[in-house]
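Shown next, in structure tokens, is the structure this report addresses.
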Protein chains: 2
Amino acid sequence: MASLSVSRHSHLLSGFLPARPKPTSGPTRVRMSLRDDGPAIAVVGVTGAVGQEFLSVLSDRDFPYRSIKMLASQRSAGRRIVFEDMDYVVEELTADSFDGVDIALFSAGGSISKKFGPAAVDRGTVVVDNSSAFRMDEKVPLVIPEVNPEAMQHIKAGTGKGALIANPNCSTIICLMAATPLHRRAKVLRMVVSTYQAASGAGAAAMEELELQTREVLEGKPPTCKIFNRQYAFNIFSHNAPVLSNGYNEEEMKMVKETRKIWNDKDVKVTATCIRVPVMRAHAESVNLQFENPLDENTARDILKNAPGVVVIDDREANSFPTPLEVSNKDDVAVGRIRQDLSQDGNQGLDIFICGDQIRKGAALNAIQIAEMLL
Amino acid sequence: MASLSVSRHSHLLSGFLPARPKPTSGPTRVRMSLRDDGPAIAVVGVTGAVGQEFLSVLSDRDFPYRSIKMLASQRSAGRRIVFEDMDYVVEELTADSFDGVDIALFSAGGSISKKFGPAAVDRGTVVVDNSSAFRMDEKVPLVIPEVNPEAMQHIKAGTGKGALIANPNCSTIICLMAATPLHRRAKVLRMVVSTYQAASGAGAAAMEELELQTREVLEGKPPTCKIFNRQYAFNIFSHNAPVLSNGYNEEEMKMVKETRKIWNDKDVKVTATCIRVPVMRAHAESVNLQFENPLDENTARDILKNAPGVVVIDDREANSFPTPLEVSNKDDVAVGRIRQDLSQDGNQGLDIFICGDQIRKGAALNAIQIAEMLL
């Protein structure tokens, strides 16, 4: 992976970026994942931050495959990738790339998904798409495996029948991992969300720019502003997604609309304010919840402690609550600051604070969990 | 000021810390502020971040004074401070320090205020206190000059009658600077606040630690954790104030209680989640508002454009909204992301995003505006 666009010299980024695939120990290690009865898979956008995390998660979870294609744009074609002791050459993505591919994991931006997703489906591939291209398409399931697995139960890989499945937006996934178990108990009527979003959501280049800018500012130099049109180091700013005529930006509207679709509840009310903070790869979210039915904070805490993919970090005495740093490179979403909302009468309101790795559960892990359900 | 505890070598901190008093131009400059008919003033905690900003703001605003005492703990006594071309020696704070002092500006922590505030009042001094010691005392006005000047109209300096006036918490000031003009028009019933708070709220040493930690992390070293018991660089965390039995931390409860007192409205409902972000000296707040009466976003924007001490930065097309960096060292609080809340029916809900300099309007400027009303 020496030719990756992400600077591997950087201590900071190497600490925050996807872990490299697990070192193997030569001939004594039995590889369970590369095997004849696994699906043929393809990773689209394999040189990006999420693409790299796809590989890392596939390996971590011993995802079975009989073959894997490394696909990217023409610019990246020809690079070499070592994955689970095997050498691969990155191939240029074309419609024909999907011949014989059972499952394709896409993370190369919405326009690539729109162009090549349907082509893959035509060839019988099940596409798990990390972009926003198909999320709100009524015919495409939008899935968080812990939340709404039933939405994709009719889809399986290797049947020769292609399909699209959309991975939700990272902020939505992280929020709903914690909100859903509470919603199931007491029904959420309204959520007010404020996010603290990491650089990684804008890709590896944004993480590099945050690091570069921070070095520059510390040295008294003007910060380089290529990805974001402003100083990000020691600053926060309203999410860079385009702002719509209703004043919400696209990132915020994803939370509003995707929540309704994933919960299959067109009446749930959501507002969000999405802000970028100078953090590398994990998002945080402050979430105020209003329920139809009573739910006290102790019950909520117990529910969250038993929720799959969720850890509770909520030690008031030690002032120990989730932080983005401690969930970085972790699978679980962490929840804390669980408390009765003083601004709502009765006990039908809670405030909670959630952190989750944006690249992992917010993108690659969720997609591969979806892929696992296809087997 | 060469002996200040804050490292003046640091480009980063010098950029973010209080501006030094304006350079004077020698004998041709007429100093209006040092004059016989001004009050005798004292600055308590003069070597701290807010104490230094007191001096900067006094000078910027040509605050009149016939004398000024520089007071601090024994540890800082004997240091020299040059202020408006005059040499001062920092004196150790004692009860007797206030003999003949008309106005004392306190920013040395709650315990110092509790010990020396009443002593100063006994000597006929009007104390403007930046700590939380007296804020919720029914007999002590809690004042934001643009919001509730009437609360202190019975207090004047130089009458020989001492009094206490409390400066609200920084997060409360910044929030209410924007929320009050809207409250006056449509009556706020409920506010849901999430903060993005700067290092400066924990003092100059916290700002230094953030800078130091950032350098260390960039160099691959473990971060120095003296002020905060965790990594702050490239991370965010729940505010370090102690957490109470209701699960709110003290910073959050200040917003809840101080809002009620300042608005003289015991029914207003407030919830807050206070989070520190790696920013030097300006806070940001995401605020969701619920009103009794209708208020559309265009009217709200016009109201805020005309509000004293508030600037509106709300360019949706250019994705230009307030950031902490651009309000640093500025007097005005900036508001943007003004939009109808999609999660509330009718037009009785708004989301807004506010940024304000924590040391300036959040502390020193507000205190000196209070002092100006005493003249």
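Details
- Residues considered: A:E146, A:E150. Of these, the only one that is modelled with pLDDT of 95 or more and not in a helix (DSSP H, G or I) is A:E146.
- Yes/no for B:G346 being at pLDDT below 95 and surrounded by fewer than 22 Cβ atoms within 10 Å (Cβ to Cβ): yes
- Candidates in the stretch A:98-117 are the residues that are touching a helix residue (DSSP H, G or I) at 6+ places or on another chain (Cβ under 8 Å) and assigned to a helix (DSSP H, G or I); of these, the one that is surrounded by the fewest Cβ atoms within 10 Å (Cβ to Cβ) is A:F116.
- Among the residues of the stretch B:278-306, those that are over 17 Å from the mean Cα position of the chain (by Cα) and of a type in the set (A, V, I, L, M) comprise B:V287, B:L289, B:L295, B:A300, B:I303, B:L304.
- Within the stretch A:40-56, one or more residues are more than 28 Å from B:N235 (Cα to Cα), modelled with pLDDT of 50 or more and touching an Asp or Glu at 6+ places or on another chain (Cβ under 8 Å).
- There is no residue in the stretch A:118-129 that is part of a helix (DSSP H, G or I) and farther than 28 Å from A:S73 by Cβ.
- Positions within the stretch A:295-314 being free of Cβ contacts under 8 Å to residues at least 40 places away in the same chain and facing chain B (nearest Cβ under 9 Å), in sequence order: A:D314
- One residue stands out in the stretch B:243-294 among those that are free of Cβ contacts under 8 Å to residues at least 12 places away in the same chain and at the interface with chain A (Cβ under 7 Å from one of its Cβ atoms): the one that is surrounded by the most Cβ atoms within 10 Å (Cβ to Cβ), namely B:V243.
- Of residues in the stretch B:187-238 being out of contact with any helix residue (DSSP H, G or I) (no Cβ under 8 Å at 6 or more places or on another chain) and closer than 30 Å to B:P294 by Cα, the one farthest from the other protein chains (Cβ to nearest Cβ): B:K187
- Number of the exception - A:I262 against (1) over 23 Å from B:D341 (Cβ atoms); (2) assigned to a helix (DSSP H, G or I); (3) in contact with a helix residue (DSSP H, G or I) (Cβ under 7 Å, 6 or more places away or on another chain): (1)
- Taking the stretch B:326-343 as the range and being surrounded by 23 or more Cβ atoms within 10 Å (Cβ to Cβ), within 11 Å of another protein chain (Cβ to nearest Cβ) and either under 30 Å from B:A108 (Cα atoms) or basic (K, R) (or both) as the test, the residues that pass are B:V327, B:S328, B:R337, B:R339.
The values are calculated or read from the model by the stated rules, or taken from the named source; none is laboratory data. Remember, it's a predicted structure, so these values are computed and weren't measured experimentally. Methodologically, a virtual Cβ is constructed for each residue, glycine included, from the backbone with ideal geometry; neighbour enumeration extends over all protein chains shown.
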